[in-house]
């Protein structure tokens, strides 16, 4: 394809076939936001049901479907894709790369995630969503009637494949594509933590793949792994699920930690305190994340020895996490702290997440866990770490990187309304749930009975959820009402890292010349030690770019067709779907695609316009 | 100032223990196991409040002291880090965690200790009763293997006696939780789990299933009823060898009711030693506090339950009985009979 | 950037598979992929070890497994790894014909292995071990079958490469492709060694 041909495309086709990491990043954000909204609506419906005792706004069966879809959506289809969106857009810019290592696979990863998510949601219209919780414990899940759980298994399998591909792509990108001078120990913390998170994806997701495969074979083909009467064992599912599931929470929180490690130094105008300690803490958290999965299973009868070992191992994670908290505090110490919305979310994160962290240590106390386990205490805990950590991180990232990604700054006034309403709503919703759990309210209950002392706090919790919903509406308004703020978008926050050196909107090749990195926080270094401009590591020349392709969409669509075949036992659909998928892979394999080149004069023209 | 620091965690605990219903809340323990767990919760809470206070103090100081003031444009000193500080905030958390980890490991082993040999000093066996708890969708079966008793929904236990519990499940995974007496253990199909508890005082304690097990998971409640050992003996004896009035009730209405029962109910439910075991044992049904695990015990609720079981407990196995199956007259007789199923009162 | 045209033998770099950034990315990415595959098979091994006692009324490992058949399969797969090594040696020497020939040999051995595996499953099925007979049966077929699916995928992949590049000569584009295919082949060979040990030797001996 020639350069001219690569430039002329219609908009829809362009987005369907793009392999540009920035566009894929925005696709991830859009897809993630879509599912985030769905998951949020499910959450509010559940909170309305739990507003008063013995309510029947929705039936118990529907409630179980809501809680399953809410958990599954928020973890797999909202939090992770939203993080992937920022990772996709920002990491290549932060390391001075023109692209990711595998642009094709990157696009494929997105379409697999998106189609997998849509497949899961088709279940709403075909007679019932999955209803066994996002953990889908067997035999409740393997015996669940209808097709809901089949959609769960196949939807997650397809989207999980996308995540795995995305993880490998980030790993190779970060190792192989760094600009000259960008040594590992000069990488921004967001890149570092995304690297460790990708490592966790690589080693955790295959366990889920196998778990889902077994559950699928059990449900659709009569396999007997989990059928006790046939010598099966149901604990295997729980081990496989949590060997994936526990690292999964670190896959979510580590990139969020990375975001805070970018936002806090920028708005404290101070270098990150203890950079190397932060890197090693991230690595240790990632490593320990694999050692503690069974703390989700203290009550399942593993015996006191296993319980004691996993309890102590879990507590150990508090140490590197504490190191991180104190390093952030010391980064703020002596700085000049600006209370922008992005930084408010970072500052709101510290106390919120510490509260979630300490209840994590309490939960790790195995003997006391017998009281906490599967109650609202757990619900409170993981919402504190996931909302107080991950979601706050996503909002900080959104306000921080929005100008670079979309070319306008989000309104600070609306942003602050959003922050305060969300913060108050969040604590109101979840703080009381600690007590509800200890007062005898199990989690995943479709309602509760009057006269058990649970009424008042459930009511407070629901009001908090309403506040959070209002906050979201304000965020939506901010997104649409701020489009006029198009000035000062190249480096609005006095940034420290390479993404702020490229023009806004970012040209498709990112860097006209590959930058030369001379220190951690290279932009800040050049601003204060150099002439304020990044040195180039190469002369201006033609830039090679990959071609757009429709194959990623085709491969993903084929898998969805095959999935319907599996769910409804239609052999031609299975075969047809696989023919589409493997056919597209075959085309990709035999058709050498060498991309196109952007001529020097175009780059020069861009450079002049960029000023 | 010093006193305030000391008061803070105490007032927090006071706040905690004011929460919830006495026979349900884990914050108001009524037996040694729940007490052990409660004191572990308290210990962890003290340590964690200490951590929170330290972090919050630094945090508030930092954001107040180092906030940007109008017109301030200075560039802060770019500090790289501080090894001494890193060592301090690595070591102190480790010590704090050890303070929690050691008692936790000890308690974990104590709670898993099912032996009743009473230790070295007296050498006597601890008084104990064994109960095999089988969870079903969505009800509980309590079998006392040494006493030849099977009961449904209400687990009678003697006070001041160690209750050794074996947990099983007949279908999906459930979890057995009596917050005021002991933390939970799971009922796992194919696996037998063990736990123990004790109730020093008489009382009725609420139990709940805490593992998602289907639509009526939230209604899968049961009761643990602690009675004095003499009453418990009477109960166990009568459960094992039921009094004659259960099978041959007094009064014509109840006799008719027994007839309806034999026609419609007995294939699933047992009274005394007659009847099936697909549903809960009903030998002492007249002494229940609730129907179907949660409805107040009265005849209107009982009739409503029998007429439409799926409405009141969706997904459960019991069929509903409409007017054709049991007409109004038969229903009254059945209710009278069921209400007469009492074994403790004379 | 004319890396898709055949390069003269004498100008070919010593490691053609890692000479371009694309090649290095593929090489590294593939190693990561194999890391993930290791966890995948680890999970299947774990499942099998947890369930291999669950034979219920069906036949168990000791009733079914015959070392002679499995030994032949092992030898075939080990030999195929060797032929793929020869292929890579020829690639590094710039002998494209030799590369193709040894890769074809690898494919042939892979197909032979699959043939034996199908025969093996057929035998077990007729000895009463259906997929749904017992937890042992399900987990056995899943583990060994997943490995078999990997072999089948490897065979097809290498065949596609061989046909696509039958007359292009060695290029900087196809060198990484052949190299990663060989890496993959070694990997499924190593997995088989574990299957041989954990499933068959342990099944017969332990």
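Since every read-out is calculated from the coordinates, none of them should be taken as a lab result. This one's a predicted model, so the numbers in the text were calculated from it and none came from an experiment. Here the Cβ positions follow ideal geometry from the backbone for every residue, glycine too, while neighbour counts run over all protein chains shown.
Over all directions, average the projected area of the Cα convex hull of chain A and note it in nm².
Orientation-averaged projected area of the Cα hull: 27.4 nm².
Percent relative contact order of region A:346-424, based on C-alpha pairs within less than 8 angstrom and at least six residues apart?
34 percent
If the viscosity is 1.002 mPa s and the temperature 20 °C, what Stokes-Einstein diffusion coefficient in µm²/s follows for region C:83-206 when Rh is the Kirkwood radius over Cα pairs?
134 µm²/s
Which whole number of Å³ per residue matches the convex hull of the alpha-carbon atoms in the protein assembly as shown?
194 Å³
Between region A:205-246 and region B:259-333, how far is it from one alpha carbon centroid to the other, in angstrom?
The two parts, judged by their Cα centres, are 37 Å apart.
222 nm [θ] for chain B, helices only, -39500 (n - 2.57) per DSSP H run of 4+, per residue, to 500?
Here the helix-only value at 222 nm equals -12500 deg cm²/dmol.
Between 0 and 90 degrees, rounded to the nearest ten: what's the tilt of helix A:148-176 against the longest Cα principal axis of chain A?
Tilt of helix A:148-176: around 30 degrees.
Starting from the Cα of residue B:287, step 7 Å along the direction of its Cβ; do the same at residue A:571; then give the gap between the two resulting points in nm.
Going from the residue B:287 label point to the residue A:571 one covers 6.2 nm.
Taking the 0 to 90 degree range and rounding to the nearest ten, how far is the long axis of helix C:21-51 tilted relative to the main principal axis of chain C, both from C-alpha atoms?
Orientation of helix C:21-51: about 0 degrees from the principal axis.
Restricting to Cα atoms and excluding each atom paired with itself, what does the Kirkwood estimate give for region A:531-586 in Å?
After inverting the pairwise mean of 1/r, the radius is 14.1 Å.
Taking region B:122-240 as the region of interest, what is the percent of Cα-Cα pairs per 5 angstrom bin, listed from the shortest bin to the one with the maximum distance?
Once binned at 5 Å, the Cα pair distances of region B:122-240 give 2, 12, 23, 26, 19, 11, 5, 1, 0, 0.
Apply 1/(1 + (r/R0)^6) to the Cβ-Cβ distance of residue C:38 and residue B:339, taking R0 = 51 Å, and write down the FRET efficiency to the nearest 0.05.
The computed FRET efficiency comes out at 0.20.
Roughly speaking, what is the stretch gain from residue B:273 to residue B:50, that is 0.36 nm per residue apart minus the C-alpha to C-alpha distance, in nm to one decimal?
Length gained, residue B:273 through residue B:50: 74.4 nm.
Once each part is reduced to its C-alpha centroid, what is the distance from region A:297-316 to region A:7-46 in angstrom?
40 Å
For residue B:146 and residue A:306, what is the calculated FRET efficiency with R₀ set at 25 Å and r taken between the beta-carbons, to the nearest 0.05?
0.25
Helix-only mean residue ellipticity at 222 nm, chain C, DSSP H runs n ≥ 4 weighted -39,500 (n - 2.57), per residue, nearest 500. What is it?
-25000 deg cm²/dmol
Return the percentage of antiparallel bridges among DSSP beta bridges fully within the protein assembly as shown, rounded to the nearest 5 %.
70 percent
Choose one answer from C:162, C:40, C:99: the residue with the largest mean-square fluctuation in a GNM of chain C with alpha-carbon springs under 10 Å.
Per the Cα network of chain C with a 10 Å cutoff, C:40 tops the list.
Work out the mean other chain Cβ neighbour count within 10 Å for the residues of A:588-596 and drop it here as an integer.
3
Relative contact order of chain A, please, whole-number percent, based on alpha carbon pairs below 8 angstrom and at least 6 residues apart.
The value is 17 percent.
Could you tell me the calculated FRET efficiency between residue B:204 and residue B:126, based on Cβ-Cβ distance and R0 = 35 angstrom, to the nearest 0.05?
0.90
Report the normalised scattering of region B:244-339 as log10 I(q)/I(0) at q = 0.20, 0.23 Å⁻¹, calculated by the Debye formula with identical scatterers on the alpha carbons.
Ignoring solvent entirely, the Cα scatterers give -1.03, -1.42.
How big is the gap, in Å, between the Cα center of region C:40-58 and the Cα center of region C:94-138?
Here the two parts' Cα centres lie 21 Å apart.
Is it possible to state the helix-based mean residue ellipticity at 222 nm for chain A, with each DSSP H run of 4+ residues giving -39500 (n - 2.57), the sum divided by total residues, to the nearest 500 deg cm²/dmol? What is it?
Calculated from helices alone, the mean residue ellipticity at 222 nm is -21500 deg cm²/dmol.
Please identify, among C:80, C:134, C:167, the residue showing maximal mean-square fluctuation in a Gaussian network model of chain C using a 10 angstrom Cα cutoff.
Of C:80, C:134, C:167, the most mobile in the Gaussian network model is C:167.
Please build a GNM for chain B, connecting alpha carbons under 10 Å apart, and tell me which residue among B:243, B:76, B:93 fluctuates the most.
B:76
If I take every Cα pair under 8 Å that is 6 or more residues apart in chain B, average their sequence separation and divide by the length, what percent do I get for the relative contact order?
Relative contact order comes out at 15 percent.
Out of all DSSP beta bridges in chain B, what portion is antiparallel? Express it as a percent rounded to 5.
Around 70 percent of the beta bridges assigned by DSSP in chain B are antiparallel ones.
Points 7 angstrom from Cα along the Cβ direction at residue A:487 and residue A:537: gap in nanometres?
3.6 nm
At 0.36 nm per residue, minus the direct Cα-Cα distance, what do residue C:198 and residue C:146 gain on full extension? Give it in nm, one decimal, please.
17.2 nm
Please rank A:381, A:373, C:66, B:74, fewest neighbouring Cβ atoms within 10 Å first, as an exposure proxy.
Listed from fewest to most nearby Cβ atoms, that is B:74, C:66, A:381, A:373.
Which ordering of A:159, A:183 is given by a fewest-first count of other beta-carbon atoms within 10 Å?
A:183, A:159
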